[in-house]
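The values are calculated or read from the model by the stated rules, or taken from the named source; none is laboratory data. Please read all numbers here as calculations on a predicted model, not as lab measurements. Don't worry about glycine lacking a Cβ; one is built from the backbone with ideal geometry, like all the others, and counts go over all protein chains shown. Only protein heavy atoms, including side chains, enter the accessible area calculation; ligands, DNA and RNA are left aside. Shrake-Rupley method; radii C 1.70, N 1.55, O 1.52, S 1.80 Å.
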Amino acid sequence: MSRDQINVGIIGFGTVGMGAVELLETNADWIAQRVGSRVVVKTIVDLDWKRERRYTVRPEQQSTKINDVLDDPEIDIVIEAMGGTHPAHRVVADALKRRKSVVTPNKELIAKHGAELLNLASEAKVDLMFEGAVGGGIPIIRPMKESLAGDRIQRIVGIVNGTTNYILTAMSHEGLDFSAVLKDAQVQGYAEADPTADVEGYDAMYKIAILAAIAFGSHIDLNSIYREGITRISAADIEYAHQLGYEVKLLAVAARHHDALDLRVHPTFVPVDHPLAAVNGVFNAIFVQSDPVGDLMFFGRGAGSGPTGSAVVGDVIDCARNINLGASARVPCRCYLNLPIQPISEVQTRYYLRTVVKDQIGVIGKIATILGDHQVSLVSIFQPHLEENTVGEGLAEIVWITHQVQEAKIQAALQALDKLDEVIEVANLVRVEGK
Ligand code: HSE
């Protein structure tokens, strides 16, 4: 039998917490019809109630003490919207132990402690839901857990960080360098004052770890995931990518190869005819190859108050329905494997290589010989002709695209190139998507 009212407590009233409260209150009648009970935001915890906000809440909802939510027996569902793991980990564990369902869009928390927290939720017979943790407003966790539960997911490739996609898109459209675009993105509020988590790929790493755990039923050792950010991508790399028919994207990749996982985050040349090449600005997209369903693409806004609030409220409604159903059991963590993650040295992919060389007869031949000696097969060689020589008098840039080759081989080739007198530097090495 449905209860008259289900109460929600929210910890953290920033962008996401506010988006969730606004949606729960604005659509309260509609949500009540869908749940069979009114879902009421009873208490909101935040340390700063003086800050001016777009959406204001009633004084009796405001608190500065987390325990006003945790200790309140009338609160059935807790939304954790603090971010980070301290104190979020303790707070979520406490809430679950007190038999409150928890909704969190906190990717770091779920990537690091998801298994433990899901098991706690299952023991307490409550829910832990985290649709907003990956892809913001894009439904991806529920489709992977439920709709595709009978499929064999083979590979996931995603643009799962909006900040870096905004920066790379601006670099691509305006021909600017990374640092100039980052500064502008910070002024406009698209990038954090400390952009490390986004531009160095940590945010994307947490998200792909969550997707991989669900897709492959395996615990994921975050320390084994290869992670490279976008700070070394230059305007020249993007210009050459265009000339060769690619866009540069920060991709998060997860695939199963026999008894190991290929799991990595790095900038990638994406062929312009690939669906991910057209995903621009702050948008996210996740491309899933699965058997027997085939190729799927999930696309939408990966961050922000409205989109993440939408994912959080969808989860709250699901939790509230389970409370009304009196669902007596919840699914624990379903990771039954501990698949190792391939070291990056064993990964096979294609590469873009940008070399600065002495502009002399025979230099291309010498480099090609070294690459060949290391079993690096070439798809194309390209000498850009820029209006002005930006690399220096007597020097030239040569760009190389390889066939698929093991990373260890290309790294060995780079060491050999380093010793070649004619090679001034290997200015960049970027992985290339595709066979
Ligand atoms: N910082 C993330 C992004 C949003 O830029 O996509 C929250 O996960």
Task: Candidates G281, G302, G135, ranked by Gaussian network fluctuation over the chain, Cα under 10 Å, top entry - done: G281
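With respect to the cross-link table entries K42/K100; K112/K183; K50/K107, which display a Cα-Cα separation exceeding 22 Å? Provide the component values of the computation, followed by the final result.
On the way: K42/K100 14 Å; K112/K183 31 Å; K50/K107 28 Å.
Those over the limit are K112/K183; K50/K107.
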- [ ] Once you have a ≥ b ≥ c as the square roots of the Cα gyration tensor eigenvalues for the range 1-109, tell me rounded if a/c is under 1.5, and otherwise prolate or oblate according to whether a/b is larger than b/c.
- [x] oblate
Open item on the list: Accessible area of the range 315-377 with a 1.4 Å probe: how many percent of it is carbon plus sulfur?
Closed with: 53 percent
TODO: Let me know the Rg and Dmax you get for the range 141-301 when you use only its Cα atoms, in Å.
DONE: 15.8, 47
Task: For the range 244-256, Karplus couplings with θ = phi - 60° (6.51, -1.76, 1.60), whole Hz, Gly/Pro x - done: 9, x, 10, 10, 9, 10, 7, 9, 10, 10, 9, 8, 9
- [ ] Subtract the Cα-Cα distance of Q406 and Q154 from 0.36 nm times their separation in residues, and report this length gain in nm to one decimal.
- [x] 88.7 nm
TODO: From the P(r) of the range 344-432, can you give the percent of Cα pairs sitting at distances over 17 Å?
DONE: 43 percent
Open item on the list: Looking at the chain as a GNM with Cα springs under 10 Å, which of H266, H173, H385 has the largest mean-square fluctuation?
Closed with: H385
TODO: For K419, go through the lysines and keep the ones whose alpha-carbon is under 22 Å away, minus same-chain ones fewer than eight residues off.
DONE: K358, K366, K409
Task: Cα pair distances in the chain, grouped into 10 Å bins until the bin that holds the longest one, percent each - done: 4, 20, 27, 22, 14, 8, 4, 1, 0
Task: Counted charge near I323, where neighbours are those whose Cβ lies closer than 9 Å (Asp, Glu -1; Lys, Arg +1) - done: 0
Open item on the list: Below 8 Å, C-alpha to C-alpha, sequence gap of six or more: please give me the relative contact order for the range 141-301 in percent.
Closed with: 34 percent
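If N is the number of residues in the range 67-121, what value comes out of its Cα radius of gyration divided by 2.2 N^0.38 Å? The partial results should precede the final answer.
Numbers: Rg = 10.3 Å, N = 55, 2.2 N^0.38 = 10.1 Å.
Here the Cα radius of gyration is 1.02 times the empirical estimate.
Would you tally the net charge around A235, using a Cβ to Cβ cut-off of less than 11 Å, leaving A235 out, and scoring K and R as +1, D and E as -1?
On the way: positive: none; negative: E174, D177, D237, E239.
Charge balance in the 11 Å sphere: -4.
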TODO: Pull up all non-local amide H partners of I153: gap of 5 or more, or a different chain, and H-to-H distance under 5 Å with H placed in the peptide plane.
DONE: D291
- [ ] Please report the relative contact order for the chain, taking Cα pairs under 8 Å with a sequence separation of at least 6, and give it as a percent rounded to a whole number.
- [x] 18 percent
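Subtracting the Cα-Cα distance from 0.36 nm times the residue separation, let me have the gained length for V272 to E422 in nm, one decimal. Don't skip to the end; give the middle numbers.
Values: separation 150, 0.36 × 150 = 54.00 nm, distance 3.29 nm.
Fully extending the segment from V272 to E422 adds 50.7 nm.
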Open item on the list: So if each residue of separation counts as 0.36 nm, and I subtract the Cα-Cα distance between D291 and Q383, what length gain in nm does that give?
Closed with: 29.0 nm
Open item on the list: Can you compute the modelled spin-label distance between S345 and D194, with each label point 7 Å from Cα toward Cβ, in nm?
Closed with: 3.3 nm
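Counting only heavy atoms of protein chains, what accessible area per residue, in Å², does the range 113-255 have with a probe of 1.4 Å? Walk me through the numbers before you get to the answer.
Numbers: 5230 Å² over 143 residues.
Value returned for the range 113-255: 37 Å² of accessible area per residue.
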Task: Residue list for the range 275-308, given a label point 7 angstrom along the Cα-to-Cβ vector of R334 and an amide N cut-off under 16 Å - done: 290-293
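Could you tell me which GluC sites (Glu not before Pro) in the range 328-398 are loop residues by DSSP with no more than 11 other beta carbons within 10 angstrom of their beta carbon?
E387, E388, E393
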Open item on the list: Springs between alpha-carbon pairs under 10 angstrom, Gaussian network model over the chain: which of G314, G83, G392 fluctuates most?
Closed with: G392
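Normalising by the residue count of the range 281-435, find the relative contact order in percent from Cα pairs under 8 Å and 6+ residues apart. Please report the intermediate quantities before stating the final value.
Working: 194 pairs, mean separation 41.7, N = 155.
Relative CO of the range 281-435 lands at 27 percent.
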